[in-house]
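Have a look at the structure below before the remarks.
The values are calculated or read from the model by the stated rules, or taken from the named source; none is laboratory data. Predicted model only: the values in this text are computed from it and were never measured. Backbone-built Cβ (ideal geometry, glycine too); neighbour counts: all protein chains shown. When the accessible area is computed, the model is the full protein with side chains, heavy atoms only, and any ligands, DNA or RNA have been set aside. Shrake-Rupley method; radii C 1.70, N 1.55, O 1.52, S 1.80 Å.
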Amino acid sequence: MTLDSAMYKELLDFITWQKLVSGIVLVVVGTPLVRFARNVIHTFYSPLRVIPGPENPHFLFGHMAAIQATNGGLWHEQTAQKYGHVVKYKSFFWTDRLFTTDPKAMNYILNNNQIYQKPDQSRWLLKSILGEGLLFVEGAVHKRQRRVLVDDSTSFSTFLP
């Protein structure tokens, strides 16, 4: 039995279509699985593992549902009262989050923003709501924008009575 050109072309189209679909499925399913596995493995070797915090209520969403269900940071306030000034909790895909109510630690973190950067989800949310302004940018761009803002406000105060 011989393959004529129409059957051969149909076979090649099927193989190419099959590879395309399997590649898309691999990317759509594989990327979140790899990210999740990386975050789970990182949890066991992270220096954050010794910081106290509540148990993870959901393997995929972490504490985010409880945080969004409360108003005005009530969850953070209650958690800080129970676990202390520095607390570790889980975000989406088993990602560790850290928050603190210690003024010295907050001062250090805010003054060393090249080390302590915002999580990707927070950056995306801030960018979509506020744009790429002073609250969004980090590092050298943040310092430049802050310097311009401080210079403008101090020069403006000279015109006030």
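Could you please give the count of residues in the range 81-122 that are over 16 Å from residue 48 (Cα atoms) and among the small types (Gly, Ala, Ser)?
Qualifying residue count, the range 81-122: 1.
Tell me which residues, restricted to the range 43-65, are in a helix (DSSP H, G or I), open to solvent by 30 Å² or more (accessible area, probe 1.4 Å) and touching a helix residue (DSSP H, G or I) at 6+ places or on another chain (Cβ under 8 Å).
49 - this is the single residue of the range 43-65 that is in a helix (DSSP H, G or I), open to solvent by 30 Å² or more (accessible area, probe 1.4 Å) and touching a helix residue (DSSP H, G or I) at 6+ places or on another chain (Cβ under 8 Å).
Any chance the range 107-122 includes a residue that's modelled with pLDDT of 85 or more, open to solvent by 30 Å² or more (accessible area, probe 1.4 Å) and assigned to a helix (DSSP H, G or I)?
Yes, that holds for at least one residue.
Go through (1) of a type in the set (Phe, Trp, Tyr); (2) in a loop (DSSP other than H, G, I, E, B); (3) open to solvent by less than 50 Å² (accessible area, probe 1.4 Å) for residue 89 and report which single condition fails.
(2)
Could you please let me know if residue 125 is at pLDDT below 85, assigned to a helix (DSSP H, G or I), among the hydrophobic types (A, V, I, L, M, F, W, C) and open to solvent by 60 Å² or more (accessible area, probe 1.4 Å)?
In short, yes.
Out of all the residues in the range 70-80, which are open to solvent by less than 80 Å² (accessible area, probe 1.4 Å) and not in a loop (DSSP other than H, G, I, E, B)?
Across the range 70-80, the qualifying residues are 74, 75, 76, 79, 80.
Filter the range 92-106 down to residues that are at pLDDT 85 or above and in a helix (DSSP H, G or I), then give me how many there are.
4
Any idea which of 21, 40 is touching a Phe, Trp or Tyr at 6+ places or on another chain (Cβ under 9 Å), assigned to a helix (DSSP H, G or I), open to solvent by less than 100 Å² (accessible area, probe 1.4 Å) and aliphatic (A, V, I, L, M)?
The conditions single out 40.
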